[in-house]
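The values are calculated or read from the model by the stated rules, or taken from the named source; none is laboratory data. Quantities reported herein were computed from a predicted structural model and do not represent experimental measurements. Glycine gets a Cβ as well: all are built from the backbone with ideal geometry, and neighbour counts include every protein chain shown. The protein model used for the area step is the full one, side chains on, heavy atoms only, and it has no ligands, DNA or RNA in it. Shrake-Rupley method; radii C 1.70, N 1.55, O 1.52, S 1.80 Å.
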Amino acid sequence: VALAMSRCGDLRHIFGNKSLPLSLKMKIYKAAISSLITYGSEAWRLTEQTQARINGANARCVQRITGKTAREEASHLTRTVMDVRRRRFKWLGHILRMDEGRLVKATCSEEAV
């Protein structure tokens, strides 16, 4: 999250540029910042606190792009949190299809017990 916030600060000149369309700014946000927020999220415990941190970081970054307040941008489940959940389910599908001898599958099976 800290890396994503730093990147958001680095790109403030792009997000503050009035001549760029909002759709382009959001594509840049998704590629450059959202990907950092969700990097490695397959292995996270998705607790309420983790979701709140993701949601807060997402709201602060998008606030710079849209000009709304962070409170207006924050919702219970943002798109970024939903992306994290989708990535986790995709990773779970990969694990479930693995051979029984794989270390990752054995580790996940032990944690579930």
Failed item, numbered, when Glu100 is tested on (1) at pLDDT below 80; (2) open to solvent by 50 Å² or more (accessible area, probe 1.4 Å): (1)
Would you please list the contacts, defined by Cβ atoms under 7 Å and residues six or more apart or on different chains, that run from a residue in the range 47-74 that is farther than 15 Å from Met26 by Cβ to a residue that is among the polar types (S, T, N, Q) and assigned to a helix (DSSP H, G or I)? Ile54/Thr80; Thr69/Gln63; Ala70/Gln63; Ala74/Asn55
May I ask you to list pairs of residues, at least six apart or on different chains, whose Cβ atoms are under 6 Å apart, with the first in the range 84-102 being within 13 Å of Trp44 (Cα to Cα) and the second being among the polar types (S, T, N, Q)? Val84/Thr38; Val84/Ser41; Arg87/Ser41
For Lys27, work out the one condition from (1) at pLDDT 90 or above; (2) among the basic types (Lys, Arg); (3) touching a helix residue (DSSP H, G or I) at 6+ places or on another chain (Cβ under 9 Å) it doesn't fulfil. (3)
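Pick out, from the range 23-90, the helices (runs of 4 or more DSSP H) lying fully within it that include 2 or more residues that are over 20 Å from Asp10 (Cα atoms) and open to solvent by less than 50 Å² (accessible area, probe 1.4 Å).
By residue number, 48-66.
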Out of curiosity, is Met5 touching a Lys or Arg at 6+ places or on another chain (Cβ under 8 Å), surrounded by 13 or more Cβ atoms within 10 Å (Cβ to Cβ), under 19 Å from Glu72 (Cα atoms) and of a type outside the set (Asp, Glu)? yes
